[in-house]
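The values are calculated or read from the model by the stated rules, or taken from the named source; none is laboratory data. Bear in mind that the values here come from a model prediction, so they are computed numbers and not experimental data. Please note: Cβ atoms are built from the backbone with ideal geometry, for glycine as well, and neighbour counts cover all protein chains shown. Accessible surface is based on the protein model in full, side chains and every heavy atom, while ligands, DNA and RNA are left aside. Shrake-Rupley method; radii C 1.70, N 1.55, O 1.52, S 1.80 Å.
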Amino acid sequence: MAAAVQAGFKVSAIDGFADSQTQAMANLIKLAPFDNDGFQAAALLAIIDTLDTGRYIGFVYGSGFEAQPALLAEVAKRIPLLGNLPATLASVKSPRIFFSACAKLGVAHPQTWTHGDASLPLDGLVKAVGASGGSHVQPYSNGKVMLDKQHYAQQKLQGLPVSVLFLAHAQQVALVGFNELMLAPTEALPYRYGGAVSQINLTASEQELLLKAAQQLTAEFSLLGLNSLDAVLQDGVAYVLEINPRLSASVGLYETVDGEMHLLAMHVAACKQAYAMPSSVAVKSGSVAHAVIYSALALSIPADFAWPEWVEDCPSPQSSVQILAGQPICTVLATADKAEAAKQLLAIRVKMLNNLLAYRLKEEDDASPI
């Protein structure tokens, strides 16, 4: 959202949360019901049908469609897509198709098993097809796993989780940046997404491996616009986990240098037929880190809660908001010259915010009648 506004676009947002920053930036905002599979199809299409779609240059999308590319196809009947086609989304998020392509291209990836495959390993990970955010990833042991068509199993890797953000057009890629991915684990959700830090220090060999994989898979699937590739770096090998064929959270970690086209404007241009794409995207120096703050318990965020300036995606300020246990509350940001310094500042700010929330909750408990 912020990237689109920075690029000079007037934005109508369809969102599952309608946080305070989105409300402040959007010309129009529509709240759409959202569940584990993404947007609820009938409700989303009904919202789009209320819009004068002729006023818009297109529909830019993030998460919420990976598990239901047919819904994206219905959206495309109503408004031009500025992103990958529904068929591309379906192929990239099909474990059988995607990892078969990796094997054909010689792209390193964890061993993967899908519904109907024999000889599953005794220990590994089970993932939901088309899911995002890591909450769907669960370990299993002693062969105690049954795969249906909505799940697949993978070899468990030990290493550094990373991503590469890149721009794609005409089967070519332009590097935006390399990121470290962080977890926010709980006992029940050991692989829940926790955040990311940009501009990490990788060896030339590691950078080359990640960028080559992005290039090969872009050509294979004809990717368009901004995409991200997730991988694990282990023993000098970049094992590709997935491609997010849509705008990812890491887009918010980058700004192009002054005088260059904004990142979202590049995405829009790259999704059109004629675009002179650069070999790489010139972005501002420094590192940006963000962390998603989840609620450990059900809580109420009062409308007058004073959010620090380094927090975004805050609940609506119009009224108190009820947050269920496990739901995201907001995102904490930190910026520094280097990635490690950004991570350290991020950890300090996360602790500060958790202390602020705990203090406010204690005030409410003390004020409650006995």
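Would you confirm whether any residue within segment 255-271 is among the hydrophobic types (A, V, I, L, M, F, W, C) and either more than 29 Å from Gly8 (Cα to Cα) or modelled with pLDDT under 90 (or both)? There is no residue in segment 255-271 that is among the hydrophobic types (A, V, I, L, M, F, W, C) and either more than 29 Å from Gly8 (Cα to Cα) or modelled with pLDDT under 90 (or both). Every test in (1) modelled with pLDDT under 90; (2) outside any strand (DSSP E or B); (3) surrounded by 11 or more Cβ atoms within 10 Å (Cβ to Cβ) is passed by Ala276 save one, and that test is (3).
Looking only at residues in segment 1-37 that are closer than 20 Å to Ile79 by Cα and modelled with pLDDT under 85, the one that is most open to solvent (accessible area, probe 1.4 Å) is Met1. Taken residue by residue, segment 202-213 has at least one member that is open to solvent by less than 20 Å² (accessible area, probe 1.4 Å), in contact (Cβ under 8 Å) with a residue 60 or more places away in the chain and not acidic (Asp, Glu). For Asn84, the conditions (1) in contact (Cβ under 8 Å) with a residue 60 or more places away in the chain; (2) open to solvent by 20 Å² or more (accessible area, probe 1.4 Å); (3) of a type in the set (S, T, N, Q); (4) part of a loop (DSSP other than H, G, I, E, B) are fulfilled apart from (2).
Condition check ((1) of a type in the set (A, V, I, L, M); (2) over 15 Å from the mean Cα position of the chain (by Cα); (3) open to solvent by less than 50 Å² (accessible area, probe 1.4 Å); (4) more than 30 Å from Ser295 (Cα to Cα)) across all residues:
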| position | (1), (2), (3), (4) |
| --- | --- |
| His115 | no, yes, no, yes |
| Asn142 | no, yes, no, yes |
| Gln158 | no, yes, no, no |
| Leu165 | yes, no, yes, no |
| Ala170 | yes, yes, no, yes |
| Gln199 | no, yes, no, no |
| Ala219 | yes, yes, yes, yes |
| Leu223 | yes, yes, yes, yes |
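Given the conditions (1) in contact with a Phe, Trp or Tyr (Cβ under 9 Å, 6 or more places away or on another chain); (2) crowded, with 19+ Cβ neighbours inside 10 Å; (3) in a loop (DSSP other than H, G, I, E, B), which single one is not true for Ala131? So Ala131 meets the others, but not (1).
Taking the criterion of being in contact (Cβ under 8 Å) with a residue 24 or more places away in the chain, part of a strand (DSSP E or B), over 18 Å from Ser198 (Cβ atoms) and open to solvent by less than 20 Å² (accessible area, probe 1.4 Å), would at least one residue in segment 330-340 satisfy it? Checked segment 330-340: at least one residue is in contact (Cβ under 8 Å) with a residue 24 or more places away in the chain, part of a strand (DSSP E or B), over 18 Å from Ser198 (Cβ atoms) and open to solvent by less than 20 Å² (accessible area, probe 1.4 Å).
Each row is one residue, and each column tells you yes or no for (1) assigned to a loop (DSSP other than H, G, I, E, B); (2) in contact with a Gly (Cβ under 9 Å, 6 or more places away or on another chain); (3) closer than 27 Å to Ser250 by Cα; (4) modelled with pLDDT under 95.
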position	(1), (2), (3), (4)
Ser63	yes, yes, yes, yes
Leu71	no, yes, yes, no
Ala101	no, no, yes, no
Val107	yes, no, yes, no
Lys144	yes, no, no, yes
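Of all residues in segment 47-62 being among the hydrophobic types (A, V, I, L, M, F, W, C) and within 21 Å of Ala270 (Cα to Cα), which is surrounded by the fewest Cβ atoms within 10 Å (Cβ to Cβ)? Among those residues, the one meeting the criterion is Ile57. Pairs meeting the criteria (first residue in segment 45-56 and of a type in the set (A, V, I, L, M), second residue part of a loop (DSSP other than H, G, I, E, B), beta carbons under 7 Å, at least 6 apart or on different chains) are Ile47/Ala32; Ile48/Arg78; Ile48/Ile79.
Could you list, in sequence order, the residues of segment 32-59 that are assigned to a strand (DSSP E or B) and either in contact with a His (Cβ under 6 Å, 6 or more places away or on another chain) or not charged (D, E, K, R) (or both)? Quick ask: steps written out before the conclusion?
Taking segment 32-59 first, the residues assigned to a strand (DSSP E or B) are 34-35, 38-39, 59.
Residues satisfying the conditions are Phe34, Gly38, Phe39, Phe59.
Hey, among Ala249, Ala231, Ala276, which residue is under 20 Å from Leu82 (Cβ atoms) and touching a residue at least 24 places away in the same chain (Cβ under 8 Å)? Let's see the steps before the verdict.
Details: Ala231 fails: under 20 Å from Leu82 (Cβ atoms); Ala276 fails: touching a residue at least 24 places away in the same chain (Cβ under 8 Å).
Step by step, each of Ala249, Ala231, Ala276 is checked, and only Ala249 is under 20 Å from Leu82 (Cβ atoms) and touching a residue at least 24 places away in the same chain (Cβ under 8 Å).
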